[in-house]
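The values are calculated or read from the model by the stated rules, or taken from the named source; none is laboratory data. From a predicted model like this one, the values you see are computed outputs, not experimental measurements. Here Cβ is always computed from backbone atoms with ideal geometry, including for glycine, and neighbour counts include all displayed protein chains. Heavy atoms of the whole protein, side chains included, go into the accessibility calculation; ligands, DNA and RNA do not. Shrake-Rupley method; radii C 1.70, N 1.55, O 1.52, S 1.80 Å.
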Amino acid sequence: MTDAQESAADATLQFSGGAQRLPPTSAPPDLQSVPVPVPLLEPREGIPPVTRTQEALDEVVAAFAAGTGPVAVDAERASGYRYGQRAYLVQLRREGAGSALVDPVGCPDLSALGAAIADAEWVLHAATQDLPCLREIGMTPTRLFDTELAGRLAGFARVGLGAMVENVLGYALEKGHSAVDWSTRPLPDPWLRYAALDVELLVDLRDALEEELADQGKLDWARQEFAAIAAAPPAPPRQDPWRRTSGMHKVRRRRQMAVVRELWTARDRIAQRRDVSPGKVLGDTAIIEAALNLPADAQALLALPGFGNRMGRKQLEQWQAAVDRARALPDPELPLSGQALTGPPPPRSWADKDPVAAARLSTARAAVSALAEELNLPQENLITPDTVRRLCWEPPAEPTPEAVAAILAGPGARQWQIDQVTPVLVEPLSAAPAPSADSDTATAG
């Protein structure tokens, strides 16, 4: 049993049937390979009251400022229901403070809470998903521990929170409310229980994973990754987000692309005004169908999938107006077939454009893959594929370890990544290209 399991057991958790018991440490021979997890049904101190007022928030701030140790932090969004990725519930837990559920609708400014725990290590699961919405309400960590990323570096095959808590600590979390509409008010008790349980064992999981990473010699790697996440600036707005419309690969002509752009922009404007998910305003399938068919009028639009009889005349006319705008655009104003490349071309074209670079990339990929398997971690966590592509497309004139390491550092590779992959990349970059058939003929002549 890990220290985290012992501490969780000592905390008087409540399990099914009301019995308090530890995760199974032994089982009959036929079950030893599949331990039975213990269902975790109730937070240790029960479901915390939802903090909705400034007075209640002040009490939470004081309690967490007086607490000790890391702070477990989680946020619930309303993806698929509301526009954007704002937080609709923030959950926290800290030694000495217990758990708290804070409603960012009633308390939209949580900067005081963020400041109260600014010096603490924040423990999050899949931190990059929650940090943008936390930042919007005034909460930004200076130090963090990401239990999902820690699981990846430690070689776990399944790194969702439920799977990690089950495999590492031996408890089963109920995950039935992960995709509900968290903008609902009031939030039902079963949802609040689920939300509180998400931070119940997060610090225990952190402690167990830190021990595992230390045993594997990867703890410093993880710390470098966590520091990079905490220091990363907000992501810039995505260029041409309409190009990510599902089914876009079917759209080939520039005029059709203009229809996608106009419909996507109109849909986004309506969704933002109504504060609903864009998919609830108009589906991606409908946008693509309109682009492929270029309907001449609202009646033709009505016949396309996604523009059914339940759509009112006014709605049909607004979508047809977007199609008409795209149809009327002069050719110079049509979107380009693809976004301007800022790096190497797609690897599928390398064999024709630069066979030597294609051979370098193939050898380098194989070397990185073998190293990732040896280190028991995902290849993309060892080094990003884009970094390898850029290096192989434009290698240094003299592929010394120092030159390769300098190029790897350019896109932001961490030092541990550079130390690991540089030795295996020098050889592919140094290998002399195989002589072509023409050169063989010339030599023979």
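One line per residue, one yes/no per condition, for (1) within 25 Å of residue 153 (Cα to Cα); (2) open to solvent by 40 Å² or more (accessible area, probe 1.4 Å); (3) touching a Leu at 6+ places or on another chain (Cβ under 6 Å):
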| position | (1), (2), (3) |
| --- | --- |
| 401 | yes, yes, no |
| 404 | yes, no, yes |
| 415 | yes, yes, no |
| 421 | yes, no, no |
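Yes or no, residue by residue, for (1) surrounded by fewer than 22 Cβ atoms within 10 Å (Cβ to Cβ); (2) among the acidic types (Asp, Glu):
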{"residue": "139", "(1), (2)": "no, no"}
{"residue": "147", "(1), (2)": "no, no"}
{"residue": "153", "(1), (2)": "no, no"}
{"residue": "160", "(1), (2)": "yes, no"}
{"residue": "166", "(1), (2)": "yes, yes"}
{"residue": "169", "(1), (2)": "no, no"}
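Taken across region 372-390, residues that are open to solvent by 60 Å² or more (accessible area, probe 1.4 Å) and of a type in the set (Gly, Ala, Ser) do not occur at all.
Screening residue 95 against (1) in contact (Cβ under 8 Å) with a residue 40 or more places away in the chain; (2) surrounded by 17 or more Cβ atoms within 10 Å (Cβ to Cβ); (3) closer than 24 Å to residue 164 by Cβ leaves a single unmet condition, (2). Scanning region 116-136 for residues that are open to solvent by less than 70 Å² (accessible area, probe 1.4 Å) and farther than 20 Å from residue 198 by Cα yields 116, 118.
Listed by first and then second residue, the pairs with beta-carbon distance under 6 Å, at least 6 apart or on different chains, first residue in region 400-426 and more than 18 Å from residue 367 (Cβ to Cβ), second of a type in the set (S, T, N, Q) and open to solvent by 30 Å² or more (accessible area, probe 1.4 Å), are 414/224. Kindly indicate whether any position in region 330-347 is open to solvent by 90 Å² or more (accessible area, probe 1.4 Å), modelled with pLDDT of 95 or more, closer than 18 Å to residue 243 by Cα and not polar (S, T, N, Q). For region 330-347, residues open to solvent by 90 Å² or more (accessible area, probe 1.4 Å), modelled with pLDDT of 95 or more, closer than 18 Å to residue 243 by Cα and not polar (S, T, N, Q): present. Regarding residue 300, is this residue of a type in the set (Gly, Ala, Ser), part of a helix (DSSP H, G or I), in contact (Cβ under 8 Å) with a residue 12 or more places away in the chain and in contact with a helix residue (DSSP H, G or I) (Cβ under 8 Å, 6 or more places away or on another chain)? So residue 300 does not fit the description; no. The set of residues in region 125-139 that are in contact with a helix residue (DSSP H, G or I) (Cβ under 6 Å, 6 or more places away or on another chain) and not in a helix (DSSP H, G or I) comprises 125, 126, 138, 139.
Checking each residue of region 247-259 against the condition of being farther than 29 Å from residue 378 by Cα, touching a Ser or Thr at 6+ places or on another chain (Cβ under 6 Å), open to solvent by less than 40 Å² (accessible area, probe 1.4 Å) and part of a helix (DSSP H, G or I) gives no match.
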